[in-house]
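The values are calculated or read from the model by the stated rules, or taken from the named source; none is laboratory data. The shown structure was predicted, so the numbers you read here are calculated from the model rather than taken from an experiment. Backbone-built Cβ (ideal geometry, glycine too); neighbour counts: all protein chains shown. Ligands, DNA and RNA are stripped out before the accessible areas are found, and what is left, the full protein with its side chains, is counted by its heavy atoms. Shrake-Rupley method; radii C 1.70, N 1.55, O 1.52, S 1.80 Å.
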Amino acid sequence: MSGSLDVWVSGSLDVWSSGCLGLWMSGSLDVWISGSLELWSSGSLGLWMSGSLELWVSGSLDVWMSGCLDVWISGALGLWVSGSLDVWMSGSLELWVSGSLGLWVSGCLDVWMSGSLDVWVSGSLDVWSSGCLGLWMSGSLDVWISGCLDLWISGALGLWVSGCLELWISGSLELWVSGSLDVWMSGCLELWSSGCLGVWVSGSLGLWMSGSLDVWMSGCLEVCMSGALELWSSGAEECEVDEDDMLIPIVVGAALAALVLIVLVAYLVGRRRTHAGYQTI
């Protein structure tokens, strides 16, 4: 389509696809749904848009996909969901947005992925959720943001990643969580931020990692917590002491101790002899 597409649905919208689904648009796409939106696809889904994409759903949004999902948007992407948002994917998800990306969810947001998730945003990324936010991934998660990243969550935030998590942000990163924040990772976590990093958690903060943690920041770091803090990492290993390297310091220390002892004994003996001579006179 070279023009714009506007869709109004007062009921539910269900889409089933056993093959591939592709949409190419040079204009904008606006969708208003007063009911729920459900998408089942066993194949791949591709969306290419040179304009903006806006989606309003007053009910729940459920997505089941066994294939790949590729989305290219040169404009802005906005998603408003008054219910819950659930995504199940056994394939990979790639998202390119040259504009800003905004996500507003009044319910819970849960994502289950066995593949990788790649997100490129040249603008800002804003996420508002009044419920809980959960992310389960057995693959890797890569996020590139040239703008700011803001997350507002009034519920709990849980992140489970068995692969690597890489996050590049040229702007600031701000995270507000009124519930608990729990992160479980068996892979590596890498964070690059040229701006400020601010984390506000009114509940508990737990971090479990069996891999490595690397953080590069050129800006400021602010962490405010009213709850408990738990950190666990199996990546730290005790340093093994080399016996050959310790032999030289031991010998030098023993020699210095012997020298000090000899000087002390000589001083005491000389002092005693001098005291005895004074008594004789």
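State the number of residues belonging to segment 112-128 that are open to solvent by 60 Å² or more (accessible area, probe 1.4 Å) and either of a type in the set (Lys, Arg) or in a strand (DSSP E or B) (or both).
Going through segment 112-128 one residue at a time, the tally reaches 3.
What's the total number of residues in segment 137-152 that are assigned to a strand (DSSP E or B) and either open to solvent by 30 Å² or more (accessible area, probe 1.4 Å) or among the acidic types (Asp, Glu) (or both)?
Total meeting the criteria: 5.
Return yes when Gly155 is within 27 Å of Ser90 (Cβ to Cβ), at pLDDT 80 or above and in a loop (DSSP other than H, G, I, E, B) and no when it is not.
Values: within 27 Å of Ser90 (Cβ to Cβ): yes; at pLDDT 80 or above: yes; in a loop (DSSP other than H, G, I, E, B): yes.
Yes.
Could you give me the residue pairs with C-beta distances under 8 Å whose first residue belongs to segment 89-107 and is in contact (Cβ under 8 Å) with a residue 12 or more places away in the chain, whose second residue is among the aromatic types (Phe, Trp, Tyr) and open to solvent by less than 30 Å² (accessible area, probe 1.4 Å) wherever it lies, and which are 6+ apart or on separate chains?
none
Picking from Val7, Val97, which residue would you name as being of a type outside the set (Phe, Trp, Tyr) and in contact with a Leu (Cβ under 7 Å, 6 or more places away or on another chain)?
After ruling out the rest, the residue left standing is Val97.
Could you please let me know if Gly155 is more than 24 Å from Cys68 (Cα to Cα) and surrounded by 19 or more Cβ atoms within 10 Å (Cβ to Cβ)?
Values: more than 24 Å from Cys68 (Cα to Cα): yes; surrounded by 19 or more Cβ atoms within 10 Å (Cβ to Cβ): yes.
Criteria met by Gly155.
Looking at the structure I just gave you, is Gly3 surrounded by fewer than 15 Cβ atoms within 10 Å (Cβ to Cβ) and either within 20 Å of Val119 (Cα to Cα) or in contact (Cβ under 8 Å) with a residue 60 or more places away in the chain (or both)?
no
Restricting to segment 102-111, and then to whatever is assigned to a strand (DSSP E or B) and at pLDDT 85 or above, can you tell me which residue is nearest to Trp64 (Cα to Cα)? Give the derivation first.
So in segment 102-111, the residues assigned to a strand (DSSP E or B) come out as 102-105, 109-111.
Within this subset, residues satisfying the condition of being at pLDDT 85 or above are 102-105, 110-111.
On the way: Gly102: 22, Leu103: 19, Trp104: 20, Val105: 18, Asp110: 12, Val111: 10 Å.
It comes out as Val111.
Pairs needed: first member in segment 26-41, under 17 Å from Ser2 (Cα atoms); second member anywhere, polar (S, T, N, Q); C-beta distance under 6 Å; at least 6 residues apart or different chains.
Partner pairs satisfying both residue conditions: Ser26/Ser2; Ser26/Ser50; Gly27/Ser4; Ser28/Ser4; Ser28/Ser52.
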